[in-house]
Amino acid sequence: MAEKIAVENVNVPGQITNVDAGKYQAMHDAMMRVISDAPMTANEIKEAAKAHLPDDLFPGGATSGWWAKTVQLDLEAKGKLTRHATKPLRWSKA
C-alpha cells in the first residue's frame with residue numbers, strides 16, 4: 001500500500017484528504033522549482049513543472065494536471081502560495 005499524505009483545500013477549510021505521498025511530493029518539488037515571485041497561471045505552472053517530474057510516477061506527464069491542482073490548493077491553504085485577483089487567476093510564492 002502506498003504511503004499517504006494529508007492535504008488541505010483552500011476552498012473547503014477544514015477538509016483533509018489523504019493522497020499518494022510520492023506523487024504529491026514529486027509535484028510539490030517540481031512546482032516549487034518553477035513558481036517564483038512573478039505571478040503565473042495554473043497552466044503555466046503545470047506545463048513548467050512537467051519538465052521536473054519523474055517519468056516513473058508521471059509517464060508522459062499523465063495525471064499531472066490533477067496533481068498540480070491538488071498541490072496548488074494545499075499550498076494555498078498552508079499560506080505558501082498567494083492567489084492574485086487577476087483574469088486568468090495567477091499564483092506566486094507567498
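Within the range 22-39, track down each residue that is touching a Lys or Arg at 6+ places or on another chain (Cβ under 7 Å) and either loosely packed, with under 15 Cβ neighbours inside 10 Å or on the phi > 0 side of the Ramachandran plot (or both).
Initial filter on the range 22-39 (touching a Lys or Arg at 6+ places or on another chain (Cβ under 7 Å)): 35-37, 39.
Within the range 22-39, Ser36, Asp37 meet the criteria.
Criterion first (in contact with a helix residue (DSSP H, G or I) (Cβ under 9 Å, 6 or more places away or on another chain), hydroxyl-bearing (Ser, Thr, Tyr) and in contact (Cβ under 8 Å) with a residue 40 or more places away in the chain) does Thr70 satisfy it? If you could, list the steps in order and put the result at the bottom.
Working: in contact with a helix residue (DSSP H, G or I) (Cβ under 9 Å, 6 or more places away or on another chain): yes; hydroxyl-bearing (Ser, Thr, Tyr): yes; in contact (Cβ under 8 Å) with a residue 40 or more places away in the chain: yes.
In short, yes.
Hey, can you tell me all the residues within the range 1-28 that are under 17 Å from Ser64 (Cα atoms), touching a residue at least 24 places away in the same chain (Cβ under 8 Å) and not hydroxyl-bearing (Ser, Thr, Tyr)?
Val7, Val19, Gly22, Lys23, Ala26, Met27, His28
Inspect all residues belonging to the range 71-79 and state whether any of them is in contact with a strand residue (DSSP E or B) (Cβ under 7 Å, 6 or more places away or on another chain) and at pLDDT below 95. Break it down into steps so the answer makes sense when it comes.
Applying the first criterion (in contact with a strand residue (DSSP E or B) (Cβ under 7 Å, 6 or more places away or on another chain)) to the range 71-79 yields 72, 74-78.
Within this subset, residues satisfying the condition of being at pLDDT below 95 are none.
Among the residues of the range 71-79, not one is in contact with a strand residue (DSSP E or B) (Cβ under 7 Å, 6 or more places away or on another chain) and at pLDDT below 95, which makes the answer no.
Among the residues of the range 55-65, how many are within 15 Å of Gly22 (Cβ to Cβ), surrounded by 13 or more Cβ atoms within 10 Å (Cβ to Cβ) and of a type outside the set (Ser, Thr, Tyr)?
Selection size over the range 55-65: 2.
Quick check: is even one residue across the range 41-48 in contact with a strand residue (DSSP E or B) (Cβ under 9 Å, 6 or more places away or on another chain), in a loop (DSSP other than H, G, I, E, B) and surrounded by 14 or more Cβ atoms within 10 Å (Cβ to Cβ)? Step through it out loud before you land on a result.
In the first step, residues of the range 41-48 are kept if they are in contact with a strand residue (DSSP E or B) (Cβ under 9 Å, 6 or more places away or on another chain); the result is 41-42, 44-45, 48.
Okay, now just the ones that are also in a loop (DSSP other than H, G, I, E, B), so none.
Checking the range 41-48: not a single residue is in contact with a strand residue (DSSP E or B) (Cβ under 9 Å, 6 or more places away or on another chain), in a loop (DSSP other than H, G, I, E, B) and surrounded by 14 or more Cβ atoms within 10 Å (Cβ to Cβ).
Does Leu75 fit the bill of being surrounded by 14 or more Cβ atoms within 10 Å (Cβ to Cβ) and part of a loop (DSSP other than H, G, I, E, B)?
Values: surrounded by 14 or more Cβ atoms within 10 Å (Cβ to Cβ): yes; part of a loop (DSSP other than H, G, I, E, B): no.
In short, no.
Exactly one of these conditions fails for Arg83: (1) in a strand (DSSP E or B); (2) of a type in the set (D, E, K, R); (3) surrounded by 16 or more Cβ atoms within 10 Å (Cβ to Cβ). Give me its number.
It is condition (3) that Arg83 fails.
Among the residues that make up the range 3-26, is at least one of them modelled with pLDDT under 95 and among the hydrophobic types (A, V, I, L, M, F, W, C)?
No; the residues of the range 3-26 include none that is modelled with pLDDT under 95 and among the hydrophobic types (A, V, I, L, M, F, W, C).
The values are calculated or read from the model by the stated rules, or taken from the named source; none is laboratory data. Quick caveat, the model's predicted, so the values are computed rather than measured. Reconstructed Cβ throughout: ideal geometry from the backbone, glycine too, with neighbour counts over all protein chains shown.
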